[in-house]
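A short write-up of the structure that comes next.
The values are calculated or read from the model by the stated rules, or taken from the named source; none is laboratory data. A quick note: this is a predicted structure, and the numbers were derived from the prediction, not measured. So basically every Cβ, Gly included, is an ideal-geometry build from the backbone, and we count neighbours across all protein chains shown. Note: areas computed on protein heavy atoms with side chains; ligands, DNA, RNA excluded. Shrake-Rupley method; radii C 1.70, N 1.55, O 1.52, S 1.80 Å.
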Amino acid sequence: MESYFLESGMSWTMSKVLPYLVMVLAGVVSWIVAKRLSKRMNKYMRWGLLLIVFVAPFFIYFLISPIYKGDFSNNSIEVERTDKNAELIGKKLVVITIPGCPFCLEAIDQLLIMKNRVPNLELEYIVCSSDSTSVNWYKEKGGELINVRLAENKEEMAKIAQHSFPTFVLVDNKRKLRTWSNDSFGVFARDEIELEFN
């Protein structure tokens, strides 16, 4: 359901919230229907049934699509520009990663959705490694929409990421770098990035 709302052009935040509101509404409608059909039931059984019918849609959707701690976060950290991080230039969203990181690979799915929604968004994966083959894993999934390269200064990139991967970096030559850890790059942050490039 979340994908449907995203494809309809709604924000990441609304696409996350609306399905839960729809499930609450479904619970209310189910409760009204069940109340009419259960008039002849024992009072306690009836109220038990009504409670289950009301809560079930929300609970089932929550099991399918749980809300995690970082889903609504937008906790970025500003990083000063120095000669050591001079490879971060232009205006783009960079993902600092390491070889074989499953969370880094998984992030590509959301980034491709963002790229589809905001074609002006330039995406780049920087892999903290000296092994040139370590970029292939990410290139295969990102295709031509995500530029993937090795870090020029892998120690500095890992330091910017605070050795937590993936780390998302908003690069804009006119401002300080802004970084988000994987846990803090929630729907609010994604909406902010899309507005930045719209």
#### Entry: Residue satisfying all of: in segment 37-60; open to solvent by 100 Å² or more (accessible area, probe 1.4 Å) and either touching a residue at least 12 places away in the same chain (Cβ under 8 Å) or part of a loop (DSSP other than H, G, I, E, B) (or both); nearest to Gly27 (Cα to Cα) among these
Lys39
### Task
May I ask you to list pairs of residues, at least six apart or on different chains, whose Cβ atoms are under 6 Å apart, with the first in segment 22-35 being within 15 Å of Tyr61 (Cα to Cα) and the second being open to solvent by 40 Å² or more (accessible area, probe 1.4 Å)?
Met23/Phe58; Val24/Phe58; Gly27/Phe54; Gly27/Phe58
### Query
What number of residues in segment 91-109 are touching a residue at least 40 places away in the same chain (Cβ under 8 Å) and loosely packed, with under 15 Cβ neighbours inside 10 Å?
1
### Query
Going through segment 177-186 one residue at a time, which ones are over 20 Å from Pro102 (Cα atoms) and either at pLDDT below 95 or aliphatic (A, V, I, L, M) (or both)?
Leu177
### Query
Of Leu50, Leu18, which residue is touching a helix residue (DSSP H, G or I) at 6+ places or on another chain (Cβ under 9 Å) and more than 24 Å from Met114 (Cα to Cα)?
Leu50
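Going through Leu121, Leu88 one at a time, which residue ends up being part of a loop (DSSP other than H, G, I, E, B), surrounded by 16 or more Cβ atoms within 10 Å (Cβ to Cβ), in contact with a Lys or Arg (Cβ under 6 Å, 6 or more places away or on another chain) and modelled with pLDDT of 95 or more?
Checking each option against the conditions leaves just Leu121.
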### Query
From the set of residues in segment 72-85 that are farther than 24 Å from Leu195 by Cα and not hydroxyl-bearing (Ser, Thr, Tyr), which is least open to solvent (accessible area, probe 1.4 Å)?
Asn85
### Query
Failed condition for Pro99, given (1) part of a loop (DSSP other than H, G, I, E, B); (2) in contact with a Lys or Arg (Cβ under 9 Å, 6 or more places away or on another chain), with all others met?
(2)
#### Entry: Filtered residue count, segment 1-21, keeping only those that are open to solvent by 60 Å² or more (accessible area, probe 1.4 Å) and assigned to a helix (DSSP H, G or I)
5
### Identity of the residue in segment 151-194, outside any strand (DSSP E or B) and basic (Lys, Arg), that ends up least open to solvent (accessible area, probe 1.4 Å)
Arg190
